[in-house]
Structures are given as structure tokens and as C-alpha cells.
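The values are calculated or read from the model by the stated rules, or taken from the named source; none is laboratory data. Remember, predicted model here, so these are calculated numbers, not experimental data. As a convention, Cβ positions derive from the backbone with ideal geometry for all residues, glycine included, and neighbour counts pool all protein chains shown.
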Amino acid sequence: MVKLTKVLEDVVFTSNTDSKGFDDIEIVDIAYSSLKCQEGYMFVALKGETVDGHKYVFDAYSRGARVFVLQDDIEMADDAIKIIVEDSRIALSKISANYFGNPSKSLKIIGVTGTKGKTTITNYISEVLNRAGINTGVVGTNGTFYNNISETTVNTTPESYELHRIFRKMLDSGVECVSMEVSSGGLQRHRVEHVDFDVAIFTNLSPDHIGPKEHPTFQNYLECKAKLFTLAKHGIINIDDEHAQEIIDIATCDIETFGIKKQADIRATNIEYSKNLDSLGVKFVCETKNTAGNYYICSPGMFSIYNALAVIAVCKYLGVKKEITREALTEAKVCGRVEVLSVLPYATIIIDYAHNGVSLENILKTLEHYDHKRLICLFGSVGGRTKIRRKELGDVASRECDLSILTSDNPDFEDPLEIIDDIAKSFDKAKSKYIVEPDRKKAVQLAVRMAREGDMIVLAGKGHETYQLIKGVKVPFSEREIVKEEARKILESRKDEIMIAN
Ligand SMILES: CC(=O)N[C@H]1[C@@H](OP(=O)(O)OP(=O)(O)OC[C@H]2O[C@@H](n3ccc(=O)[nH]c3=O)[C@H](O)[C@@H]2O)O[C@H](CO)[C@@H](O)[C@@H]1O[C@H](C)C(=O)N[C@@H](C)C(=O)N[C@H](CCC(=O)O)C(=O)O
Ligand SMILES: Nc1ncnc2c1ncn2[C@@H]1O[C@H](COP(=O)(O)OP(=O)(O)OP(=O)(O)O)[C@@H](O)[C@H]1O
């Protein structure tokens, strides 16, 4: 239970009740969904994208809530305490921080924003810092992780209440640092408004998340991302990105830069690509004003170097020894991010989360640097969302691959074949061929069976996901297991052949 006066500290509001009496009122908990309200709860009405939470104040009242944070004044029973604020999402953020005792002030918080690289970088940071003895938790698309505890998250950047609740749990269990993904949607909806960020990282920016329930324009998308650099003390920015300067212009924190092409505080040179049976990697020299050191990262391509540079920059800022950063980066891997499955001795199979044009192009172009015969890509596109992605993905695959296998990827309520038809239009004028197999399991099996000596096969879109979204239901689906099982069968059936060859 927390006193109402404490919960409302630094919140600007008007009320139907004299606030002098708030010292005697205690809040059991806070809910922004009426369905979660119980006796003694405070209900915060949010204006949602689908419905207006103000519609549910009476439901919250009937479940026992008596304190209501509202953006619109509403006629209610006399014993309802109304806290009227200008923006209930901002209020929820401050109220949640207060309720949980402002845990972010006692944690080192590193926020990573940008269109691509957030999950990868946050996980790499945690690998390095934990190895350096700094107990670090992660918050992002793959969930929250700390001290061997994990929770799933609905959003990449959870709602402010969930965020401060997680911070409190982390702090109480000995976590010192949190490496978190900060989405533009989270910034737009004030989920991180009262998070005390120590460091903010900017990876890159390209058009994404622009649409009816997301950002109205690219400029709005950029400005939302840039806001992180007004909340942090120190900013680390990819200076090679074409929008870096616009972010720097909005930032209010001190700035350090990293890059490859332009002059930067932390810069990679002498880049070399390297390929092993179980990983594709890159070697580079990392130069700062007075130092230069060799690094290797077991993830391919230029984008992996940018991710590594961001990690090197933040670890240097936090005083981690170079040797520890170097060692940790050599082994750092992130589930479903350019993950090489070493299941066939003669071909390379990669699982990757690339699900839009930019990331698919990055991964496919990157693979050009690694010796291979055919490049085969299996992918689909999500149902019920913007159709632009289908064309983007189709254009990239038809240009970059020798063969594409078009299949399903979270079709939800849409007919998978209609989605595939949209993607297939990109192949009309292309030289490259495609095969259609809407059942993703069969498609993955087919891809593994098709693999020949020297081929590279990219299974794009699923990444870390362990389900397929079909008609509103998350049906269990493990791409990794299907690949392993199919490869096992192939190797078993070819055992005699392989023994003779050896
Ligand atoms: C479009 C969008 O951002 N939606 C987010 C939003 O939900 P909403 O606005 O649709 O909520 P709503 O259904 O309209 O309901 C409004 C309010 O009424 C309440 N309610 C509703 C029903 C009821 O019976 N009682 C009740 O009290 C709801 O709890 C809610 O508070 O607020 C929820 C709580 O914070 C979020 O979980 C939800 O994220 C959805 C899942 C989502 O897909 N969001 C995307 C856009 C997003 O945020 N993505 C970013 C990553 C992408 C990026 O880089 O921007 C992310 O961080 O995940
Ligand atoms: N720095 C980068 N620049 C461009 N592409 C990248 C970068 N890092 C990773 N990728 C590609 O994008 C995919 C998604 O990477 P990651 O999950 O780290 O990004 P994210 O910002 O969390 O993305 P999302 O918002 O889609 O969850 C990877 O699987 C890889 O193909």
C-alpha cells in the first residue's frame, strides 16, 4: 500500500476532493485496465488506439477502484476521487515511477533506439556487462531477463507501469544496470517519460512504423526517436546514418559518435569477413583518439560492426576493461538474429528475424561477402498490417536471391495465399524464381532438403518467435526444431554415402 500523496508527487492535477485528505488514503495498486481493478485500486483511464479507457471507469468502480486518474472529467458517484490531468499517459508514467519508489534512479539505465539493431545491441551489452561483473538485466522484444528470471513482454518497450514494476523487481534482486530497447512507439506514448536514462544509443533510421496506429509521418517517427536524447545524460550516435545530425540537433545530452565511413570518436577500420562452420563473422580494428585494438564478432557484415561499435562505446563509457569487451563480443550471440544452425556439414542455414525490406536487404547483401553457391531465402509477411512490407520483401528477395520460397509468417486472419500473391508480384519481371508453399513447416523442410554443397539458406521472419499467429491464436511453432529434425533425417539417410566419402 502506498499513500496517495506519495503516488501523486510532482503530478499536476485538479480534483473533486480536497487534496489535504490524500495523506489518509492508501493505494493498493494501479491498473490501466479496468479488468485488473480490485478493492482499493487506482484506475488510470488511457485514451487508446482502439477504445477510450474512460468508457471503463464504471467497470473499474464496480470492481472496487475508488481513485480515478482521468483526462476528461466524468460524472461519477460521490465517493469516487477524481484526479484530472492533462495527459493520462504522462500521469501514468509519473505515478508508476512514484508508486514503485523511482527504481530507475538507483539503476544504470542504457536505452537503445533506432530502426534496426536494438535487440541485438541490448543483448550484447548485457553479455559484456555481466561478464565484467556488473549485474545487468535486459528489457525488449525478446522479453525481460535478469538473474536467470525471464518474463514475456507485450511491447518492445512495455507500458510505463510494467516498466517501473520490472525495474523495482530487478533492483530488489541485485541488478545494477538495465539495457533496454526504446521503441519509437514507447517514446510516442510516453512510456519512458520518467525513466532516468544514463546512456542513450542511436543505431540508424529508415522508414518503418508509419501508418494509422503508429506514426503519422517519417518526421514524427524521427522526432519520437530523438526524444530519447533529451531524457539521457550521455548519447552515443551512429554518425554514418543519414539522420544522425537531426538527432544530434534535438539532443540535450553530451554526444559521442561511432562509425565506419565518417570521422568518429570510435571508428572501425581494416574490416575482414570470416566464415566458420558454425558462424559467419567479421574482424576489425577499433580506433579511438589514442588507442587501436583488434576485435572479432561472430555475426556477419557491416551492420554487425555498427552494433559492436555501439557496445564498445557504452562499455568504454561505463569503464569496462577493453579485454572483457573484446572477449565477450567474440562469443556474443542473440537468439534468432543471424543465427547460424550448424546442422548440415555442406550448407549454411541461417535463422534471422528480418521481416521488412531494409533488414532483409541487409542480411542478404551481407552474405555476398561470404563465399557461397546458391542463396535461397524462405519468407512470408504478416497479415492484417501494412501491405507495403510485402512488396519491399518481394523486391529485395527477387533481386538478391537465386531462389525464394514464399510461405506464411503470422498470417493471422488473412488468407496466407493472398499474402503470398502480393509478395509474388515482385517476381513478375525478375529473373529469379520462386516456389510457393503456404504451410511454413513443409516449406522449411523443403528448404533443408534442397540444400546442396555451398548453398546458403536464410529462413527469414521468425527469428526468436516460437509461434505462428493464425486466426488470432499463437500456435506453437519452432523453426529451429524443424530444421534440426529434417537435417537429422537427411544425414541419417545419407550415412552410408558420407562414410564411404570419408
Ligand atoms: C497501437 C498501440 O500502441 N497500442 C498499445 C496501447 O493499446 P491500445 O491503445 O490499443 O489500447 P485499447 O485497446 O484502445 O484500450 C484503451 C485503454 O482501455 C483499457 N480497457 C480496455 C478494455 C476494457 O475492458 N477495460 C479497459 O480498461 C485498456 O487497458 C487501455 O488502457 O496500449 C497498450 C498498453 O500500453 C499497448 O500494449 C498497445 O500496444 C500494442 C500491443 C501494439 O501493437 N503497439 C505497437 C504499435 C507498439 O507500441 N510497438 C512498439 C514497437 C514498434 C516501434 O518501434 O514503435 C513497442 O514498443 O512494442
Ligand atoms: N545495426 C543494424 N542495421 C541494420 N540491420 C540490422 C542491424 N542489426 C541487426 N539487423 C538486422 O535486423 C534484424 C533485426 O535486428 P534486431 O532485432 O536487433 O533489431 P530491432 O531494432 O530490435 O528490430 P525490431 O524493431 O524489428 O524488433 C536482424 O535479424 C538483422 O537481420
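Values for this structure:
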| quantity | calculated |
| --- | --- |
| Pick from the stretch 373-386, criterion surrounded by fewer than 18 Cβ atoms within 10 Å (Cβ to Cβ) and more than 22 Å from the chain's Cα centre (by Cα), ranking: farthest from Val436 (Cα to Cα) | Lys373 |
| Of all residues in the stretch 25-46 being in contact (Cβ under 8 Å) with a residue 40 or more places away in the chain and of a type in the set (Val, Ile, Thr), the one that is nearest to ligand 1 (Cβ to nearest atom) | Val44 |
| When residues of the stretch 1-24 are limited to those that are within 15 Å of Phe100 (Cβ to Cβ) and free of Cβ contacts under 8 Å to residues at least 40 places away in the same chain, the one surrounded by the fewest Cβ atoms within 10 Å (Cβ to Cβ) | Met1 |
| Candidates Thr50, Thr17, filtered to the one that is more than 9 Å from ligand 1 (Cβ to nearest atom), among the β-branched types (Val, Ile, Thr) and out of contact with any helix residue (DSSP H, G or I) (no Cβ under 6 Å at 6 or more places or on another chain) | Thr17 |
| Residue match in the stretch 242-254 (condition: touching a strand residue (DSSP E or B) at 6+ places or on another chain (Cβ under 6 Å) and within 16 Å of ligand 2 (Cβ to nearest atom)) | yes |
| Residue match in the stretch 340-361 (condition: in contact with a strand residue (DSSP E or B) (Cβ under 7 Å, 6 or more places away or on another chain), of a type in the set (S, T, N, Q), crowded, with 21+ Cβ neighbours inside 10 Å and touching a residue at least 12 places away in the same chain (Cβ under 8 Å)) | yes |
| Answer residue from the stretch 116-139, given it is within 16 Å of ligand 1 (Cβ to nearest atom) and not β-branched (Val, Ile, Thr) and is surrounded by the fewest Cβ atoms within 10 Å (Cβ to Cβ) among those | Lys116 |
| Meets criteria (among the charged types (D, E, K, R), assigned by TED's automatic domain parsing to the domain that holds Phe229, exposed (fewer than 15 other Cβ atoms within 10 Å of the Cβ) and out of contact with any Phe, Trp or Tyr (no Cβ under 6 Å at 6 or more places or on another chain)) for Glu151 | yes |
| Pairs, first basic (Lys, Arg) and near ligand 2 (Cβ under 7 Å from one of its atoms) in the stretch 114-130, second in a helix (DSSP H, G or I) and modelled with pLDDT under 95, C-beta under 6 Å, six or more apart | Lys116/Ser359 |
| Residues (hydroxyl-bearing (Ser, Thr, Tyr) and either in the same structural domain as Val458 (by TED's automatic domain parsing) or modelled with pLDDT of 95 or more (or both)) located in the stretch 264-287 | Thr269 |
| From the options Thr325, Thr330, residue that is free of Cβ contacts under 8 Å to residues at least 60 places away in the same chain, among the β-branched types (Val, Ile, Thr), part of a helix (DSSP H, G or I) and more than 13 Å from ligand 2 (Cβ to nearest atom) | Thr330 |
| Complete set of residues in the stretch 95-123 that are under 11 Å from the mean Cα position of the chain (by Cα) and either basic (Lys, Arg) or farther than 28 Å from Leu329 by Cβ (or both) | Lys116, Lys118 |
| Cross-chain or 6+ apart pairs with Cβ under 6 Å, the stretch 144-160 first and more than 18 Å from Gly185 (Cα to Cα), then in a loop (DSSP other than H, G, I, E, B) and away from ligand 2 (no atom under 14 Å from the Cβ) | Tyr146/Val175; Asn147/Ser173 |
| Single residue of Ile84, Ile110 found to be aliphatic (A, V, I, L, M) and more than 16 Å from ligand 2 (Cβ to nearest atom) | Ile84 |
| Counted residues, the stretch 432-461 - those being within 14 Å of Thr348 (Cβ to Cβ) and part of a helix (DSSP H, G or I) | 3 |
| Of all residues in the stretch 352-386 being part of a helix (DSSP H, G or I) and among the hydrophobic types (A, V, I, L, M, F, W, C), the one that is nearest to ligand 2 (Cβ to nearest atom) | Ile363 |
| Residue count for the stretch 50-59, restricted to those that are of a type outside the set (Lys, Arg) and within 32 Å of the chain's Cα centre (by Cα) | 6 |
| Search result, residues across the stretch 387-417 that are surrounded by fewer than 20 Cβ atoms within 10 Å (Cβ to Cβ), assigned to a strand (DSSP E or B) and of a type in the set (A, V, I, L, M, F, W, C) | Leu403 |
| Conditions (1) touching an Asp or Glu at 6+ places or on another chain (Cβ under 7 Å); (2) within 16 Å of ligand 1 (Cβ to nearest atom): number failed by Ala332 | (2) |
| Contacts under 7 angstrom Cβ, first residue in the stretch 47-74 being over 17 Å from Ser96 (Cα atoms), partner within 16 Å of ligand 2 (Cβ to nearest atom), 6 or more apart | Glu49/Lys213 |
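Quick grid of which residues meet (1) modelled with pLDDT under 95; (2) farther than 27 Å from Gly117 by Cβ; (3) assigned by TED's automatic domain parsing to the domain that holds Val458:
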{"residue": "Ile351", "(1), (2), (3)": "no, no, yes"}
{"residue": "Tyr370", "(1), (2), (3)": "yes, no, yes"}
{"residue": "Ser381", "(1), (2), (3)": "no, no, yes"}
{"residue": "Tyr434", "(1), (2), (3)": "no, yes, yes"}
{"residue": "Asp439", "(1), (2), (3)": "no, yes, yes"}
